[in-house]
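Participant: Provided herewith is a single structure, encoded as structure tokens, for subsequent inquiry.
The values are calculated or read from the model by the stated rules, or taken from the named source; none is laboratory data. This is a predicted model, so every value here is computed, not measured. Here the Cβ is made from the backbone with ideal geometry for all residues, glycine too, and neighbour counts use every protein chain on show.
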């Protein structure tokens, strides 16, 4: 049986840093970070620590940690696993 790996759509750290910089330049004053950017930042936690991500993307460590915990907590056996966040064992 030939299993081909499905390419992931996770951005690299550099791509996401550029997305955050673009958002910061164009956002309305005090606008919250969009959910899509939070999800992308959390998806990097498979490859990097929360500290590395927060420093590289200039995010608050505790806010990123809360988002990571919140998004990973939705991955339970009875729910479908979001491909960008969790993989079944």
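Participant: Starting from the range 18-47, keep only residues that are on the phi > 0 side of the Ramachandran plot and surrounded by 11 or more Cβ atoms within 10 Å (Cβ to Cβ), then list their pairs with residues that are modelled with pLDDT of 90 or more and assigned to a helix (DSSP H, G or I) whose Cβ atoms are within a distance under 9 Å, requiring at least 6 positions of separation or different chains.
Facilitator: Partner pairs satisfying both residue conditions: none exist.
Participant: Something else now. Out of the residues in the range 35-82 that are part of a loop (DSSP other than H, G, I, E, B) and closer than 16 Å to residue 10 by Cα, state the one that is modelled with the lowest pLDDT.
Facilitator: 81
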